[in-house]
Amino acid sequence: MLVLMRQDATPDQIREVQLKIGELGFRAHEIPGAERTAIGITGNHGAIAPDVFTTLPGVDRAIPVSKPYKLVGREARPESSVITVGTSRIGGTELAVMAGPCSVESREQIVAAARSVRSAGARFLRGGAFKPRSSPYSFQGMKEEGLVLLREAREKTGLAIVTEVKDTGTLPAVAEVADVLQIGARNMSNFSLLEAVGELRTPVLLKRGIAATIEELLMAAEYIASRGNLQIILCERGIRTFETATRNTLDLNAIPVLKRLTHLPVIVDPSHGVGMWEAVPAMSMAAIAAGADGLMIEVHPDPASALSDGAQSLKPSRFTALMNDIRRLAPVVGRTLNEGSTT
Ligand code: PEP
Ligand code: MN
């Protein structure tokens, strides 16, 4: 159930509703909106009578939520959410571009990558320190050492750090450094990890599982939101289909569908979506044209020597050219490219 407060409801009236929800043994989630506050109720297994709330001062309506994802759905918040990370925003009219190597490999590599993506206009540096690889024999990341290097890259460039958290054991260490915690496709249904990041207030980039439906992605986001963290960015990164010519099939359908179903920002990772650098610029442009709030793109100073995902990584010069194209496309779809000062 969703309790919609009147536009002129006072903080005390909002608090009273939250107290009532707590007394009933349920959990209250305040969802502030531009016009009015909504309070989502979770923890109830049956229907709740609306008049428990409609009789309280400041309450406009109490409506049952039809979707299984109560807090991340548009019903809970009709206006789109904007996630703030330092001086950058994800959602709204600005496009957010996260770029960098698949994995942190050395100080030279990550600092060179950071400088190049920054000068091309990206505001976020991506790079995995803990890598969940399909094969146990593949490079597993520099782990704690990689986190130290990411911190250094942020100090040198002012870029916000997006890095993957692989499990609950390493979450405290990763959360110390990450400005945005990435949950990878292989972990989209790792419910303990989702709950653990839900306890934090660090923004979470949640990638769609390789065989997850849009509804499953939203339910995974709901796990995070249900613990109180509504700072969630969804990421379409391709799904597995019968097609083998590309690494995955980038599901651009997901963008307008998600934008209708949820208030959360939606970004697209064309690098994992197609698996070949040659196709990344076209699919990046297509994603922006389809309404994505931003992109996550793998960029490596020397893709041929990359320890992971070199085949889908752009060289810095190609990334710069792509950013120039995005800069021209953005106004056509009513967007701006987010590239103010980073320090
Ligand atoms: C990555 O971002 O490098 C990654 C492993 O992505 P995904 O979880 O989408 O496969
Ligand atoms: Mn990768």
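Around residue 161, what is the net charge, scoring Lys/Arg as +1 and Asp/Glu as -1 over all other residues with Cβ under 9 Å from its Cβ?
+2
Add +1 for every Lys or Arg and -1 for every Asp or Glu among the other residues with Cβ under 11 Å from the Cβ of residue 308, and state the total.
With Lys, Arg at +1 and Asp, Glu at -1, the net is -1.
For residue 216 and residue 106, what does the FRET efficiency come to when R0 = 30 Å and r is the distance between their Cβ atoms, rounded to the nearest 0.05? Please report the intermediate quantities before stating the final value.
Working: r = 37 Å, r/R0 = 1.22.
FRET efficiency, residue 216 to residue 106: 0.25.
In Å and on Cα atoms, what radius of gyration and Dmax does the chain show?
20.5, 66
Which Cα, out of 136, 11, 124, lies furthest along the positive dipole direction of the chain (beta carbon charges, K/R +1, D/E -1)?
Checked the options; the winner is 124.
Subtract the Cα-Cα distance of residue 246 and residue 201 from 0.36 nm times their separation in residues, and report this length gain in nm to one decimal.
Values: separation 45, 0.36 × 45 = 16.20 nm, distance 3.59 nm.
Between residue 246 and residue 201, full extension yields an extra 12.6 nm.
Quick one: if you take sqrt(5λ) for each eigenvalue of the C-alpha gyration tensor of region 159-293, what semi-axes come out, biggest first, whole angstrom?
24, 16, 14
Lysines near residue 70 by alpha-carbon distance under 17 Å, same-chain residues fewer than 8 away left out - which ones?
259
Assuming 0.36 nm per residue, please report the length gained on full extension of the stretch residue 145 to residue 168 beyond their Cα-Cα distance.
Working it through step by step, the gained length comes to 6.5 nm.
Cα extents of region 31-147 along the three principal axes, largest first, in whole Å?
63, 35, 20 Å, listed from the longest principal axis down.
Alpha carbons only, please: Rg and Dmax for region 2-63, in angstrom.
10.5, 31
Ignoring ligands, DNA and RNA, what percent of the 1.4 Å accessible area of the chain is carbon and sulfur?
53 percent
Could you calculate the FRET efficiency of residue 60 with residue 289 from 1/(1 + (r/R0)^6), where r is the beta carbon distance between them and R0 is 25 Å, rounded to 0.05?
0.10
Using the 2.2 N^0.38 Å rule of thumb for compact globular proteins, work out how region 117-214 stacks up: its C-alpha Rg over that value, please.
1.08
The values are calculated or read from the model by the stated rules, or taken from the named source; none is laboratory data. Not measured: the values here are computed from a predicted model. Here Cβ is always computed from backbone atoms with ideal geometry, including for glycine, and neighbour counts include all displayed protein chains. Side chains included, ligands, DNA and RNA excluded: accessible areas come from the protein's heavy atoms. Shrake-Rupley method; radii C 1.70, N 1.55, O 1.52, S 1.80 Å.
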